[in-house]
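S.K.: Take a look at this one; I'll ask things after.
No value in this document is a laboratory result; all are computed from the given coordinates. Remember, predicted model here, so these are calculated numbers, not experimental data. Cβ coordinates were reconstructed from backbone atoms using ideal geometry, including for glycine residues, and neighbour counts include every protein chain displayed.
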Amino acid sequence: MRSRAVPINPSAGDVSSAVLAIGRSDFPKILIDTLRRQADVGHCMVFALSRGGAAHCLLDAGNIPIGADLGAAYAGQFHESDPNRDALFEGEGEAPIMLPTFAPRMYGARYRKIFFQDSGIVDKCAAAIWTGDTCFYVNFYRIAAQGRFNAAQSARLEAIAPTIAASVARHFHERAMPDQSLAALFATRAPLAALTPREREVCRSILAGFSSEAISQALGISLHSTLTYRKRAYERLGISSQSELFAIVLRLLAGPRGLN
């Protein structure tokens, strides 16, 4: 089965907390919390693979006690025998790709013993995205105590995985602080740069989860003014909701070159 490129779908699920944590030290915790909430993922591991052959484990978070050992083993040797390797290296451009559905028979006996039998992993789903010569390979696991992903969980995970992969790539690619990233986006990137300074402040506060009342207090303006700025900003952007605002920012922020 070949991998396939998948468009980022901002409406697939509430992954805003993970996206807004890009560049922060608590990104791994927020990421796994988001994955658990959305699709009951037990563990997440991220690897950086280069076209030159090197591999590194960038993230190991969740409920697999020997996760660090698995990460080291994969990066040191087993990435070369990963049955997904060909699909990964066929990837082109910056569109996230979903890897073939997990099946134990895909893996050799030694690989199965170390990565599935010894660790208790019973199911996995994976996505990847290329940034230049680096492939960010994101793996989502469930262990025996959880059982395999059910149909609903698999569908949910497949829906959010492209956005998660793009966010992971953005986090590890530049590690920009989120406030600075958002400020740069609003100041330099269309269509956000068309907003007035006050409209930008209101929109950034909306993205951070503040209510209109809280925004009014933080900015020292009336509630009526806050609502007016929000209305004008939405009109300039051609949107009518917070989710549409988030969709615009996600397209700019989650991409590896979101701040160029």
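S.K.: Which value in Å does the Kirkwood hydrodynamic radius of region 178-253 take, with 1/r averaged over all unlike C-alpha pairs and then inverted?
M.R.: Values: mean 1/r = 0.0819 Å⁻¹.
Radius from the Kirkwood sum: 12.2 Å.
S.K.: How large is the helix-only mean residue ellipticity at 222 nm for the chain, computed as the sum of -39500 (n - 2.57) over DSSP H runs with n ≥ 4, divided by its residue count, in deg cm²/dmol to the nearest 500? Could the numbers behind the result be given before it?
M.R.: Details: 11 runs with 118 residues, N = 260.
Rounded to the nearest 500, the figure is -13500 deg cm²/dmol.
S.K.: So for the pair residue 85, residue 37, with labels modelled 7 Å out along Cα→Cβ, what separation do we get in nm?
M.R.: 3.8 nm
S.K.: Between residue 235 and residue 110, with labels modelled 7 Å along Cα→Cβ, what's the label distance in nm to one decimal, could you check?
M.R.: 6.8 nm
S.K.: I'd like the distance between the alpha-carbon centres of region 121-160 and region 182-227, rounded to an integer number of Å.
M.R.: With region 121-160 and region 182-227 each reduced to a Cα centre, they are spaced 35 Å.
S.K.: HN-Hα J couplings of region 120-127 from phi, Karplus 6.51/-1.76/1.60, θ = phi - 60°, integer Hz, Gly and Pro as x?
M.R.: Couplings: x, 5, 10, 7, 8, 9, 9, 9 Hz.
S.K.: Per residue Cα convex hull volume for the chain, in cubic angstrom? Walk me through the numbers on the way to the answer.
M.R.: Values: hull volume 32.7 nm³, N = 260.
It is 126 Å³ per residue.
S.K.: With +1 on each Lys and Arg Cβ and -1 on each Asp and Glu Cβ, how big is the dipole of the chain about its Cα centre, in debye rounded to the nearest 20? Working shown, then result.
M.R.: Working: 28 positive and 23 negative charges, 57 e Å.
My answer is approximately 280 debye.
S.K.: Excluding residues on the same chain fewer than 8 positions from residue 29, give the lysines whose Cα lies under 25 Å from its Cα.
M.R.: Result set, ordered by chain and number: 124.
S.K.: Then there's this: Quick one: which of 193-205, 40-52, 110-122 comes out on top by average Cβ neighbours within 10 Å, and what's the full order, highest first?
M.R.: Details: 193-205: 18.2, 40-52: 20.0, 110-122: 16.5.
Listed from highest to lowest mean packing, they are 40-52, 193-205, 110-122.
S.K.: Work from the charge dipole of the chain (Cβ charges, +1 for Lys and Arg, -1 for Asp and Glu, about the Cα centre) and give the residue of 115, 146, 242 farthest towards its positive end.
M.R.: Sorting the options by dipole projection puts first 242.
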